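Data first, discussion second: the structure below is written as structure tokens.
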Amino acid sequence: MILSDYKDFPRMGRIISLDWGLRRCGVAISDESREFTFTRPQLYIKSQDELVQSVLGLVSEEKIVGIVIGLPLFSDGSESDTTKRVREFANSLSKNTDLPIIFVEENLTSAAAQEEIGRKSLSKIKQELDSVSAKVILENAIAVLKRI
């Protein structure tokens, strides 16, 4: 189920964050206490159905209680074509799981991720950027949950 706010999102347990892209999906996961976040290898997107199945496999393996998905919006808050695709992915995912799904605005997460990665080769950056972005999204979601 896709939630409109955080009030019904689980307060404890491991959560997964996804940074959806046209070719790759970044992945990050918290520990049960949500004190620590960890990147996971990014998923390469062949089809939306395959991505949904890959995410559901991770959800099962990692004993996930909630899903956070980065939502790309323009700086004025309006939606782009990518935003619509992310919402379509979330809808497909919600049809295959009962776990709560929440969106987190992902503005500037790639810049924060690039700063965290630091100076590396372009190929190394491409390997890490999406999952580090997912980690930033996850950390932002956890911060909101702690304030509620």
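The values are calculated or read from the model by the stated rules, or taken from the named source; none is laboratory data. None of these values were measured; they are calculated from a predicted model. Using ideal geometry, Cβ is built from the backbone for each residue, glycine included, and neighbour counts are taken over all protein chains shown.
For the range 71-116, how many residues meet the condition of being out of contact with any Ser or Thr (no Cβ under 6 Å at 6 or more places or on another chain), under 17 Å from Val144 (Cα atoms) and at pLDDT 95 or above?
Residues meeting the conditions: 3.
Select, from Ser47, Ser54, Ser4, the only residue that is modelled with pLDDT of 95 or more and either out of contact with any Lys or Arg (no Cβ under 6 Å at 6 or more places or on another chain) or closer than 19 Å to Leu93 by Cα (or both).
Ser54
It is to be established whether one or more residues within the range 65-86 are basic (Lys, Arg) and closer than 19 Å to Ala141 by Cα.
No, the conditions are met nowhere in the range 65-86.
Among the residues of the range 50-69, how many are of a type in the set (A, V, I, L, M, F, W, C) and not in a strand (DSSP E or B)?
So the answer is 6.
Restricting attention to the range 12-40, and to residues there that are farther than 14 Å from Ile137 by Cβ and touching a helix residue (DSSP H, G or I) at 6+ places or on another chain (Cβ under 7 Å), which single residue is modelled with the highest pLDDT?
If we take residues in the range 12-40 being farther than 14 Å from Ile137 by Cβ and touching a helix residue (DSSP H, G or I) at 6+ places or on another chain (Cβ under 7 Å), then Arg14 is modelled with the highest pLDDT.
Quick grid of which residues meet (1) exposed (fewer than 12 other Cβ atoms within 10 Å of the Cβ); (2) free of Cβ contacts under 8 Å to residues at least 60 places away in the same chain:
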| site | (1), (2) |
| --- | --- |
| Met1 | yes, no |
| Ser4 | yes, yes |
| Ser17 | no, no |
| Ala28 | no, no |
| Glu35 | yes, yes |
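Hey, does the range 38-49 have a residue that's aromatic (Phe, Trp, Tyr) and either free of Cβ contacts under 8 Å to residues at least 60 places away in the same chain or outside any loop (DSSP other than H, G, I, E, B) (or both)?
yes
Among (1) farther than 19 Å from Val132 by Cβ; (2) not basic (Lys, Arg); (3) not in a loop (DSSP other than H, G, I, E, B), there is one condition Ser4 misses while meeting the rest; what is its number?
For Ser4, the failing item is (3).
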